[in-house]
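Inspection log for the structure reproduced underneath, given as structure tokens.
Nothing in this text is a laboratory measurement; each read-out follows from the coordinates by a stated rule. Remember, it's a predicted structure, so these values are computed and weren't measured experimentally. Virtual Cβ from ideal backbone geometry, glycine too; neighbours counted across all protein chains shown.
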Amino acid sequence: MAKKLLEKAGLIHLPPAAGRGDVADLAAETEAGRAKTAPGSMLQFMTAQSAAVKEAESLRERLAGFDGALPVRRLDAVTVRVSAWANRHDDSYRDAGYLALKAEIAAAGGNVQPIKVRPLVDGGTGGMAGVGPSNPPTGTERFEIVFGHRRHRACLELGLPVLAMIEDLPEQQLFVEMERENRSRKDLSAWEQGMMYARALDQGLYPSNRQLAQAIGRDLGDVGKALALARLPLAVVQAFRSPLDLQYRWAKPLGDVQQRDPDGLVERARALKGQVDQRTAKQIFEALVGASTAPAAAAALPDIGIRVAGRQVAVVSADASGHTVVRFPKALPDDKRQALAQAIEQFLAAQGGVLPS
């Protein structure tokens with residue numbers, strides 16, 4: 001029995017004690033991926049695990065820096081459609097500011113500051129009229145702009161992809177983010193702002209002016225003025241060179257005239273439509289409201305003829321706004337106009353410098 005046990009023991013070979021040379025050999029085996037002993041395999045496993053753990057920790061630290069960040073991608077601009085709440089008038093894409101923005105994007109090869117979009121669940125068939133396919137292939141991703149309409153428009157016209165943040169947003173949050181971002185960048189005109197608010201109210205996004213103002217953090221009075229401009233008759237808006245010319249401070253006077261004399265306001269607006277090249281926006285505004293602010297005074301002032309040698313050569317009258325006007329039957333040459341101006345200066349000086357207002 002003892003003899004057999006000794007024979008079997010002789011078949012067992014234990015690994016030698018690990019010395020420096022042995023450790024080097026094991027490491028070499030690990031590096032070569034050819035571990036031939038149990039300690040070598042264990043060292044190889046522990047080395048691989050240690051590297052994996054370090055890499056995972058490094059990745060976790062890098063990901064922590066992106067916590068809460070939105071994915072940013074370059075999208076085909078044709079797959080991005082304008083929002084239902086889009087608030088830019090076409091004139092906004094022809095002004096100097098937009099042309100400068102477009103040139104900057106062209107030079108950079110794309111928009112550096114990303115726009116924001118939300119994915120369209122149904123794939124959408126939107127997009128800008130006349131640009132790209134109106135019905136993209138099935139499965140094509142489609143997006144809707146939250147904010148950044150001008151940057152998107154520039155990329156679309158230049159044939160460049162548009163850099164965009166992507167976030168799925170509900171309708172009210174989209175509206176609020178668009179309104180606030182526009183204010184922080186290039187303010188919308190008063191009329192554009194009013195049209196945006198009117199659309200939100202008309203389509204039931206907000207039940208009242210007050211709740212809309214609270215949602216976007218704007219003064220209720222400012223919201224009311226913008227809405228008053230948006231609710232003006234189309235003829236009044238078209239009397240100006242561009243709707244962008246309408247200003248907040250004109251909302252109340254125009255609104256008052258609209259309530260007091262709506263037919264007269266529209267009639268004057270139609271008559272002024274062809275005069276946009278001869279009048280400034282302020283002059284058009286004054287003509288619209290002035291004709292109704294002092295009609296009685298103007299009507300009460302009869303024309304006064306200016307006669308020379310028994311012949312009437314001019315007429316002093318009052319226009320629709322009550323302003324005094326001197327009319328001649330034909331245009332005066334420059335020297336006569338200069339003499340007339342000097343005569344009026346002498347007249348005003350005799351009256352103390354100014355006439356009563």
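Assorted remarks:
- Net charge of Cβ neighbours under 14 Å - reference Leu227; Lys, Arg +1; Asp, Glu -1: +1
- Cβ-defined net charge surrounding Ser242, 12 Å radius [Lys, Arg +1; Asp, Glu -1]: -3
- In terms of the mean number of neighbouring beta-carbon atoms within 10 Å, the peptides 212-218, 190-196 order highest first as 190-196, 212-218.
- Violating pairs (Cα-Cα greater than 27 angstrom) within the set Lys116/Lys252; Lys116/Lys225; Lys225/Lys273; Lys252/Lys273: Lys116/Lys252; Lys116/Lys225
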